[in-house]
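Each value in this text was obtained by applying a stated rule to the coordinates, not by laboratory testing. Just so it is clear, the model here is predicted, and its values are computed rather than measured. Every residue, glycine among them, receives a Cβ derived from its backbone with ideal geometry; neighbour counts consider all protein chains shown.
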Amino acid sequence: MELNVSQLLMEPSGSSREYELDEESFELVESFGKNRIHGAVNLLRTNKSIWVSAGLHSTLDSECGRCLTPYSHPIFLQVEEEYIPTLNPLTGARVTPPSDDSDYYLIDENHTLDLTEVAREYAIMALPMKPLCSQECSGLCSTCGSNLNHTRCACEAPVDPRWGPLLELMSGATETN
């Protein structure tokens, strides 16, 4: 996901470029496999940098937190980041990045803007804390381990022993009636 921005760096502030990004086998997050990522990327030249605005779509292969079934989770990444050049494109002189605490990424010496790391960071932030294959997922039986989305198990629900005295009281009340 590299874009050559040498021409854009030589243009005045306010100049822009639009790209359609479509990467077939891109690994967004380690251990989630390779997926397709696509979307629109807009680059805007500022007085000292390039501002990247992108809307990227992809899917991550995940595992449901309730039933452990693999499923594909769609994600949308709304990227807004600043990229600072390391070399002046007109003179070739090194540019020292700002020393303030602002967040930015660097454009390499070949004037290549790499969106790979940004896409990974945004994808990690887009991951759900507890992935679910669907909101109606019933999960696994805690006794026999069968997937309750596909079958009903014959296990009796375990009775919490703390409820024992109350259950005895209630069973005695139904016997007397």
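Computed from label points 7 Å out along Cα-Cβ, the spacing between Asn88 and Cys155 is 7.1 nm.
When Cα extents along the principal axes in Å is calculated for this entry, the matching label among (i) 50, 40, 26; (ii) 44, 40, 22; (iii) 97, 35, 24 is (iii). Under 5 Å between amide hydrogens, built in the peptide plane, is the criterion, and for Leu87 it picks out Val95 among residues at least 5 positions away or on other chains.
Determine, from the Cβ-Cβ distance of Cys141 and Glu24 and an R0 of 35 Å, the FRET efficiency 1/(1 + (r/R0)^6), rounded to the nearest 0.05.
Values: r = 40 Å, r/R0 = 1.14.
Efficiency, rounded to the nearest 0.05: 0.30.
Between Val159, Val118, Val41, the Gaussian network model of the chain with springs among Cα atoms under 10 angstrom shows the greatest mean-square fluctuation at Val159.
Of the chymotrypsin sites (Phe, Trp or Tyr not before Pro) found in the stretch 39-102, no site is in coil according to DSSP while having at most 13 other Cβ atoms within 10 Å of its Cβ.
Per-residue ellipticity at 222 nm computed for the chain from its helices equals -5000 deg cm²/dmol, with DSSP H segments shorter than 4 residues left out and the rest contributing -39,500 (n - 2.57). Taking the chain as a Gaussian network of alpha-carbon nodes connected by springs under 10 Å, the highest mean-square fluctuation of the residues Pro97, Pro85, Pro158 belongs to Pro158. Evaluating 6.51 cos²θ - 1.76 cosθ + 1.60 at θ = phi - 60° for every residue in the stretch 113-128, the Karplus couplings come out as 9, 9, 8, 4, 5, 4, 4, 4, 4, 5, 5, 5, 5, 7, 5, x Hz, glycine and proline recorded as x. 3J(HN,Hα) along the stretch 47-56: 5, 10, 7, 10, 9, 9, 10, 9, x, 10 Hz, from the Karplus curve 6.51 cos²θ - 1.76 cosθ + 1.60 with θ = phi - 60°, whole Hz, x for Gly and Pro.
Backbone amide hydrogens, once placed in the peptide plane, bring Tyr71 within less than 5 Å of Ser62, Glu63, Cys64, excluding anything fewer than 5 places away on its chain.
Spin-label pair Met129-Gln78: with each label point 7 Å from Cα along the Cα-Cβ axis, the two points sit 2.1 nm from one another.
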